[in-house]
Amino acid sequence: SPEDEPKFYGPYPVNRAVKGLAGNARWLVPQHRNGILLHTGEWPDWQPPQPMPNSAGCIHAWPDTINRIQTTLVAQGVEIRKNTGGALPYPYKPQGLLSVYLVD
């Protein structure tokens with residue numbers, strides 16, 4: 001669901017990877033975080049195609065991309081759930097797969 005602060009997370013629902021992670025993410029989730037977020041933001045003086053600001057361990061994408069992702073997922077039957085605010089343990093069952101690759 002949309003996070004509480006669009007400035008940092010953007011206006012669209014975020015995607016949260018909660019299982020099947022590798023590397024550092026596997027150590028973080030679920031012991032210290034309830035997922036790795038895929039989101040955008042409304043950062044001052046930023047707009048595509050500028051480089052995105054650093055994150056706190058999340059995956060950033062441009063606003064149009066995040067909107068396309070959430071629109072596609074909802075059309076496939078994925079439910080937008082209430083934001084947990086980082087609560088542990090994560091209360092929801094995962095609804096699908098997330099694959100990330102860099103287009104450079």
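In summary, TRP27 fulfils each of the numbered conditions (1) within 15 Å of the chain's Cα centre (by Cα); (2) aromatic (Phe, Trp, Tyr); (3) outside any loop (DSSP other than H, G, I, E, B) with the single exception of condition (1). Just to check your reading of the model, which residue among GLY85, GLY23 is closer than 21 Å to ASP4 by Cα, at pLDDT below 90 and not polar (S, T, N, Q)? Going through GLY85, GLY23 in turn, the sole match is GLY85. Look through the range 1-19, keep the residues that are in contact with a Leu (Cβ under 8 Å, 6 or more places away or on another chain) and among the aliphatic types (A, V, I, L, M), and return whichever of them is surrounded by the fewest Cβ atoms within 10 Å (Cβ to Cβ). Filtering the range 1-19 for residues that are in contact with a Leu (Cβ under 8 Å, 6 or more places away or on another chain) and among the aliphatic types (A, V, I, L, M), the one surrounded by the fewest Cβ atoms within 10 Å (Cβ to Cβ) comes out as ALA17. Against the conditions (1) open to solvent by 80 Å² or more (accessible area, probe 1.4 Å); (2) within 22 Å of PRO6 (Cα to Cα); (3) assigned to a loop (DSSP other than H, G, I, E, B), PRO91 satisfies every one except (2). For the range 20-58, filtering for residues that are within 25 Å of LEU88 (Cβ to Cβ) and surrounded by 12 or more Cβ atoms within 10 Å (Cβ to Cβ) leaves 18.
The values are calculated or read from the model by the stated rules, or taken from the named source; none is laboratory data. Everything quoted here is computed from the prediction, not taken from an experiment. Glycine also receives a Cβ, built like all others from the backbone with ideal geometry; neighbour counts cover every protein chain displayed. The protein model used for the area step is the full one, side chains on, heavy atoms only, and it has no ligands, DNA or RNA in it. Shrake-Rupley method; radii C 1.70, N 1.55, O 1.52, S 1.80 Å.
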